[in-house]
Amino acid sequence: MRIDLHTHSRASDGTQSPEELVRAAAAAGLDVLALTDHDTADGWAAAEVTARDVGVTLVRGMEISTQLDGWGVHLLAYLPDPTYPPLAEHLRRVLEGRSGRTPAIVARLNALGIDLTVDDVARVSGDAAASGRPHVADALVARGAVRDRDEAFARYLNAGRPAHVDRYAAPLREVVRDVAGAGGVSVIAHVWGRRRVQEPGPDLLAEAASLGLTGLEVDHQDHAPQVRARLRDIARDLDLVVTGSSDHHGTGKVDHDLGCNTTDPEQYERLLAAAQAAAAASGRSTPAVVRP
Ligand SMILES: [Zn+2]
Ligand SMILES: [Zn+2]
């Protein structure tokens, strides 16, 4: 059984529609796919219809931008009720912050002598729930200012680069609690990603676990083998589920092909059992796993 628990569609910053993404997952031989667009459930309905069509099991989720003691942390939430008011409020503030940031980034790029407008960004962001830095990057590529998204981030958009603008990120401690309140489970995505430091460290991860965090995404393209080994040890010590995923963005991110990392079926079952318990405890009406 091949399980990929972290992918993006055009509902955020992927380049495929939810339908195209689910079809691509079937073509790639995946049995289980989670759709986890940034801070939105907008792609869920379309993905559900296609999953039934093509016979892929679909786990509905999202990737929420949070922060923990100053560290930006992407938190994957699986199977929450997105209408649960405290969760909906976090999503609203994050999306609002992201769209509001685009004009500020464009102004900085203009000051650097790059000819780009907010309309250029809107053209490439299309039907995404919010325009964000990946869309600014795509607009820069379309302008011929950079070769690809990676160069756009490295030269201009990453923290510390000249066109970087900060934005709201929800406090992780609150979001873990509110995802549970919404009947879902949470997993920290690409825990140590491309950071040069291994932060948030074991103590903060232990605290997150005590607050109800369910798992760590260990197998991710941004983690070197020794990082994966260290995170696997921490997950075992904290009794957290270990996941592996592609973080696929269509053609928006190279080297993140569907199924390039997968989740062990036993770990997947643990995640679902935790989600079932959270759903029962919350009393909310949560999205079921879509089984063909
Ligand atoms: Zn992420
Ligand atoms: Zn992602």
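For GLN226, the criteria (1) touching a residue at least 40 places away in the same chain (Cβ under 8 Å); (2) more than 24 Å from GLU269 (Cβ to Cβ); (3) among the polar types (S, T, N, Q) hold in every case but one, which is (1).
Selection within segment 196-209: residues that are in contact (Cβ under 8 Å) with a residue 40 or more places away in the chain and surrounded by fewer than 20 Cβ atoms within 10 Å (Cβ to Cβ). The member of this set that is farthest from ligand 1 (Cβ to nearest atom) is LEU204.
Please find, within segment 25-43, the residue that is least open to solvent (accessible area, probe 1.4 Å) out of those that are outside any loop (DSSP other than H, G, I, E, B) and away from ligand 2 (no atom under 16 Å from the Cβ). Spell out the reasoning first.
Within segment 25-43, the first condition is being outside any loop (DSSP other than H, G, I, E, B), and the residues that meet it are 25-27, 32-38.
Still in the list and also away from ligand 2 (no atom under 16 Å from the Cβ): 26-27, 32.
Numbers: ALA26: 37, ALA27: 91, VAL32: 4 Å².
Within segment 25-43, the match that is least open to solvent (accessible area, probe 1.4 Å) is VAL32.
Out of all the residues in segment 173-187, is one or more surrounded by fewer than 20 Cβ atoms within 10 Å (Cβ to Cβ) and within 16 Å of the chain's Cα centre (by Cα)?
If we filter segment 173-187 for residues that are surrounded by fewer than 20 Cβ atoms within 10 Å (Cβ to Cβ), which is where we start, we get 173-174, 177.
So of that shortlist, the ones also within 16 Å of the chain's Cα centre (by Cα) come out as none.
The answer is no, given that none of the residues of segment 173-187 is surrounded by fewer than 20 Cβ atoms within 10 Å (Cβ to Cβ) and within 16 Å of the chain's Cα centre (by Cα).
When restricted to residues that are over 18 Å from SER186 (Cα atoms) and either of a type in the set (Val, Ile, Thr) or part of a loop (DSSP other than H, G, I, E, B) (or both), segment 4-24 contains 10. From the list ARG155, ARG161, which one is over 21 Å from the mean Cα position of the chain (by Cα) and under 22 Å from VAL73 (Cβ atoms)? None of the others qualify; the one that does is ARG161. Scanning segment 261-292 for residues that are crowded, with 16+ Cβ neighbours inside 10 Å and free of Cβ contacts under 8 Å to residues at least 12 places away in the same chain turns up just one, GLN276. Inside segment 126-148, residues that are more than 17 Å from the chain's Cα centre (by Cα) and part of a helix (DSSP H, G or I) make up a count of 8.
For (1) exposed (fewer than 15 other Cβ atoms within 10 Å of the Cβ); (2) in contact with a Pro (Cβ under 9 Å, 6 or more places away or on another chain); (3) of a type outside the set (Val, Ile, Thr); (4) at pLDDT 95 or above, each residue gets a yes or a no:
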{"position": "ARG52", "(1), (2), (3), (4)": "yes, yes, yes, yes"}
{"position": "ARG60", "(1), (2), (3), (4)": "no, yes, yes, yes"}
{"position": "ILE64", "(1), (2), (3), (4)": "no, no, no, yes"}
{"position": "LEU95", "(1), (2), (3), (4)": "no, no, yes, no"}
{"position": "THR102", "(1), (2), (3), (4)": "no, no, no, no"}
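So which residues in segment 102-130 are farther than 16 Å from ALA152 by Cα, charged (D, E, K, R) and in contact (Cβ under 8 Å) with a residue 24 or more places away in the chain, if there are any at all? Within segment 102-130, ASP127 is the sole residue that qualifies. Going through (1) open to solvent by 20 Å² or more (accessible area, probe 1.4 Å); (2) farther than 29 Å from ALA41 by Cα; (3) not polar (S, T, N, Q) one by one, VAL146 falls short only on (1). Quick check on segment 68-77: of everything there that is modelled with pLDDT under 95 and either within 11 Å of the chain's Cα centre (by Cα) or outside any loop (DSSP other than H, G, I, E, B) (or both), which residue is nearest to ligand 2 (Cβ to nearest atom)? The residue in question is GLY72.
Condition first: more than 17 Å from the chain's Cα centre (by Cα) and open to solvent by 10 Å² or more (accessible area, probe 1.4 Å). Can you find one or more residues in segment 9-21 that meet it? Outline the logic, then answer.
Filtering segment 9-21 down to residues more than 17 Å from the chain's Cα centre (by Cα) leaves 19-20.
With open to solvent by 10 Å² or more (accessible area, probe 1.4 Å) added as a condition, the list becomes 19-20.
The answer is yes, given that some residue of segment 9-21 is more than 17 Å from the chain's Cα centre (by Cα) and open to solvent by 10 Å² or more (accessible area, probe 1.4 Å).
Here segment 236-260 is the region considered, the condition is being crowded, with 22+ Cβ neighbours inside 10 Å and among the polar types (S, T, N, Q), and the residue that is farthest from ARG23 (Cα to Cα) is THR243. If you filter segment 66-93 down to residues that are touching a residue at least 60 places away in the same chain (Cβ under 8 Å) and of a type in the set (D, E, K, R), you find that the one that is surrounded by the most Cβ atoms within 10 Å (Cβ to Cβ) is ASP81. Given the condition away from ligand 2 (no atom under 15 Å from the Cβ), in contact (Cβ under 8 Å) with a residue 24 or more places away in the chain and assigned to a strand (DSSP E or B), answer yes or no: does some residue in segment 46-57 qualify? Checked segment 46-57: at least one residue is away from ligand 2 (no atom under 15 Å from the Cβ), in contact (Cβ under 8 Å) with a residue 24 or more places away in the chain and assigned to a strand (DSSP E or B). Just one residue in the set ARG108, ARG92, ARG101 is part of a helix (DSSP H, G or I), away from ligand 1 (no atom under 16 Å from the Cβ), more than 18 Å from ALA130 (Cβ to Cβ) and not aliphatic (A, V, I, L, M); that residue is ARG108.
The values are calculated or read from the model by the stated rules, or taken from the named source; none is laboratory data. Quick caveat: nothing in here was measured; it's all calculated off a predicted structure. Glycine also receives a Cβ, built like all others from the backbone with ideal geometry; neighbour counts cover every protein chain displayed. These area figures cover heavy atoms from the full protein model, side chains too; ligands, DNA and RNA do not enter into them. Shrake-Rupley method; radii C 1.70, N 1.55, O 1.52, S 1.80 Å.
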